[in-house]
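Everything on this sheet refers to the single structure shown next.
Every number in this text was worked out from the coordinates using simple rules, so none of it is lab data. All of these numbers come straight from a predicted model, not from anything done at the bench. Every residue, glycine as well, gets a Cβ built from its backbone with ideal geometry; the counts of neighbours run over all protein chains shown.
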Amino acid sequence: MILEPIVPTVLSVRRLPHADPAMVRAYGGDPERHTSLGLVTCDQDDPTYVALDEATKHAPVDVIFAKSFYAGAAHSSGRLSGEILGVLAARDPESIDQALDALVRCLAHDACFYDADGKGTVTVFPHVISSLGEYLSREAGLQPGDPMAYLVAPPLEASIALDAALKAAEVRAVKVMTPPTETNFAAAWLTGTLDECEAAAVAYAAAVVEVAANPRR
């Protein structure tokens, strides 16, 4: 099964080397520890969550804000809004620069949705993180370094695919996001050994492809 990647588009990347403390607090940071911010928007939200986590592996930064926008990139509030805003915070601008470089690399070469029906009308995110960073490990209740399958698809496809993934591999569901999410998809985070997470992701993607090809069975 070979799926065509849909590479995310990073829409904006800006830095605030000396952010106002009120700004830091408003976005969930601590002005005593966070003086510099990095902000990014992208047209794919789940790959950006993965990229934010990746950033924490390359620099001493915290993800203080990360939220998807309602209805998705096709209904964004502006040309640069996309599907998500992520905010990184650090003590110094250099750390923000390193973190943003890692984030952009991840979106360009690693994390992306895939075309599941050859038309781009059904997409899937069967992503495996081999070693979690500080951000997603905290969100998932796991340890940094643990593997995790991060699985996303449209509502019905995701429901069928999650069942397939759980039956195909020795994995445990640590979080299931039932539909609708902000972007009207559904998602699940599964953990186990790296091999089992990869097997679950393959089964998940295959099930999405099968439902896309045979929606009535």
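Which angle between 0 and 90 degrees, to the nearest 10, do you get for helix 45-55 versus the longest principal axis of the chain when only C-alpha atoms count?
Approximately 50 degrees, to the nearest ten.
Read through the labelled values (i) 84, 48, 35; (ii) 58, 41, 32; (iii) 57, 37, 27 and report the label of the one computed as Cα extents along the principal axes in Å from the structure.
Step by step, Cα extents along the principal axes in Å for this structure corresponds to label (iii).
Quick one: how many lysine pairs in the chain have C-alpha atoms under 26 angstrom apart, if they're 8 or more apart or on different chains?
Taking the Cα cut-off of 26 Å, the pair count is 4.
With an 8 Å cut-off on Cα pairs and a minimum separation of 6 or more residues, tell me the relative contact order of the chain in percent.
19
Can you tell me how much longer the chain between E182 and K67 gets when fully stretched, taken as 0.36 nm per residue apart minus their C-alpha distance, in nm with one decimal?
40.5 nm
Mind giving me the nanometre distance, one decimal, between the label points for R14 and D195, set 7 Å out from Cα along Cα→Cβ?
4.9
Determine the shape class of segment 116-213: with a ≥ b ≥ c the square roots of the Cα gyration tensor eigenvalues, call it rounded for a/c under 1.5, and otherwise prolate if a/b is greater than b/c, oblate otherwise.
Prolate, because a/c is 1.5 or more and a/b exceeds b/c.
Rounded, prolate or oblate for segment 86-171? Axes are the square roots of the Cα gyration tensor eigenvalues, ordered a ≥ b ≥ c, and the cut-off for rounded is a/c under 1.5.
In terms of gyration-tensor shape, oblate.
Mind checking which of M23, S68, L39 is farthest towards the positive end of segment 8-111's charge dipole, using Cβ charges of +1 (Lys, Arg) and -1 (Asp, Glu) about the Cα centre?
The one lying farthest along the dipole's positive direction is M23.
Taking the Cα atoms only, what angle lies between the long axis of helix 93-109 and the longest principal axis of the chain, rounded to 10 degrees?
20
Scan segment 110-188 for trypsin sites (Lys or Arg not before Pro) in coil per DSSP, keeping those whose Cβ has at most 15 other Cβ atoms within 10 Å, and list them by number.
Counting only loop positions with at most 15 other Cβ atoms within 10 Å, the trypsin sites (Lys or Arg not before Pro) in segment 110-188 are K119.
Among rounded, prolate and oblate, which fits segment 17-115 when a ≥ b ≥ c are the square roots of the eigenvalues of its C-alpha gyration tensor, a/c under 1.5 means rounded, and a/b larger than b/c means prolate?
Oblate shape, in that a/c is at least 1.5 and b/c is the bigger or equal ratio.
If exposed GluC sites (Glu not before Pro) are those in a DSSP loop with at most 14 other Cβ within 10 Å, what is the longest stretch of the chain that has none?
33-169
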